[in-house]
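> Below: one structure in structure tokens.
The values are calculated or read from the model by the stated rules, or taken from the named source; none is laboratory data. Bear in mind that the values here come from a model prediction, so they are computed numbers and not experimental data. Cβ sites come from the backbone with ideal geometry, for glycine too, and all protein chains shown count toward neighbours. In case anyone asks, the SASA skips ligands and DNA or RNA and just uses the protein heavy atoms, side chains included. Shrake-Rupley method; radii C 1.70, N 1.55, O 1.52, S 1.80 Å.
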Amino acid sequence: MRATTIHAPGDIRLEERPVPSITEPTQAVVRVVAGCVCGSDLWPYRGENPIDAGSTIGHECVGVIEEVGKDVRDFRPGDFVIVPFVHCDNTCPHCVAGMTSACVHQGFTASGQAEYSLVHQADGSLIKTDGMPDDSLIPSLLTLSDVMATGWHAAVAAGVQPGSTAVVVGDGAVGLCGVLAAAELGAERVVAMSRHEPRQKIAERFGATHVVAERGEEGEQRVLDLTDGVGADAVLECVGTDGAIKTAFKVARPGSTVGFVGVPHGVELPVRRMFQRNVGLAGGIAPVRTYLPDLLDRVLEGRIEPGLVFDLTLPLDDVAEAYRAMDERRAIKVMLRP
């Protein structure tokens, strides 16, 4: 099969790799209908994460089941499925508690930017649609494999409540989905921190009531001015850098929580500020499978359209350009079609 591989910073290639094969009875092989590049994929692309040269990359995909292991009961070849980027059995103690991203039989999607992908715990992980969905739904369904569920996790972890004020730090696809999540959870005021006009427009379409383009101290002051000096009831940190974390805590009101889902890089928590102002921190790797049924219903009912974060679609053959476009911020999020 054709699969995306990474060899060094900036070195993305489309190469031939063996089609995944079933080695455990709980597994399934999925023919990828659509995959995409995630903001977290840019960390190794930029040299910020270690690279196993020649390894496949890509963890977001939807597709059609090609083959299932002998213990798979709920799925069969031909089913269209959403593949959470973290695989789980959905029965272990952590899964039962809702933390499906920490399953004791955890697995990960390793070739979402390819023609085929392997799911390790098919029955526990996958969600299927009623038949093959209309092509217009594919972008939104694809976001449910990661970014929409991750944005949702940020909002849930931050404790967004009806009538509250939520601030979203980060205007990538996850941050924009965080705006959508905060609005869906009933926040009366949703502040999107973004200085890029195309992203601002999507944020407003997703429910942002205010946009703050300034960064650093100036941006923090703007948020405080918008809240009459009080600060936000909930803050969604969707970047993972030290600057983003510091901003999140500076705009959080006493007693609030920062929900963080950005993969941390070089972060030093402001523990003294957290202590003095009683500001909490919650979040981490999104338990996608936990949120999937609810989010799927919202998409199918037309309540949300998170697929709007895809502003560029390319064939899989052009995956290297997909990475360049996102790295250079010429695209918010790129969908790949094998």
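> Go through Cys88, Cys61, Cys95, Cys36 for me and flag whichever is open to solvent by less than 40 Å² (accessible area, probe 1.4 Å), closer than 24 Å to Val174 by Cα and either in contact with an Asp or Glu (Cβ under 6 Å, 6 or more places away or on another chain) or modelled with pLDDT under 95 (or both).
That would be Cys36, the only listed residue that is open to solvent by less than 40 Å² (accessible area, probe 1.4 Å), closer than 24 Å to Val174 by Cα and either in contact with an Asp or Glu (Cβ under 6 Å, 6 or more places away or on another chain) or modelled with pLDDT under 95 (or both).
> Name the single residue, out of those in region 74-123 being of a type in the set (Phe, Trp, Tyr) and touching a Lys or Arg at 6+ places or on another chain (Cβ under 8 Å), that is farthest from Ile22 (Cα to Cα).
The qualifying residue farthest from Ile22 (Cα to Cα) is Phe80.
> Could you tell me which residue of region 67-118 is farthest from Pro139 (Cα to Cα), considering only residues that are without any contact (Cβ under 8 Å) to a residue 12 or more places away in the chain and in a loop (DSSP other than H, G, I, E, B)?
Ala97
> If you don't mind, there's one more thing I want to ask. Run down Val288, Val261 and say which single residue is within 27 Å of His94 (Cα to Cα), buried (at least 22 other Cβ atoms within 10 Å of the Cβ), of a type in the set (A, V, I, L, M) and touching a Ser or Thr at 6+ places or on another chain (Cβ under 6 Å).
Val261
> Separate question: In this structure, does Ser140 turn out to be open to solvent by 10 Å² or more (accessible area, probe 1.4 Å), modelled with pLDDT of 95 or more and in a helix (DSSP H, G or I)?
Here the answer is no, as Ser140 does not meet what is asked.
> If you don't mind, another one. Restricting attention to region 153-173, does a residue exist that is among the hydroxyl-bearing types (Ser, Thr, Tyr) and open to solvent by less than 20 Å² (accessible area, probe 1.4 Å)?
Looking through region 153-173, at least one residue is among the hydroxyl-bearing types (Ser, Thr, Tyr) and open to solvent by less than 20 Å² (accessible area, probe 1.4 Å).
> Now for a separate question. Against the condition under 16 Å from the mean Cα position of the chain (by Cα) and open to solvent by 70 Å² or more (accessible area, probe 1.4 Å), how does Glu301 come out, does it pass?
no
> Which residue, of Gln276, Gln200, is free of Cβ contacts under 8 Å to residues at least 24 places away in the same chain and either surrounded by fewer than 22 Cβ atoms within 10 Å (Cβ to Cβ) or assigned to a strand (DSSP E or B) (or both)?
Going through Gln276, Gln200 in turn, the sole match is Gln276.
> Ok, one more. Against the condition within 23 Å of Ala325 (Cα to Cα) and among the small types (Gly, Ala, Ser), how does Ala166 come out, does it pass?
no
> Specify which of the listed residues (Val267, Val319, Val309, Val288) is at pLDDT 95 or above, β-branched (Val, Ile, Thr) and over 17 Å from the mean Cα position of the chain (by Cα).
Among Val267, Val319, Val309, Val288, only Val319 is at pLDDT 95 or above, β-branched (Val, Ile, Thr) and over 17 Å from the mean Cα position of the chain (by Cα).
> Look at Pro338 and say whether it is open to solvent by less than 50 Å² (accessible area, probe 1.4 Å) and of a type outside the set (Val, Ile, Thr).
no
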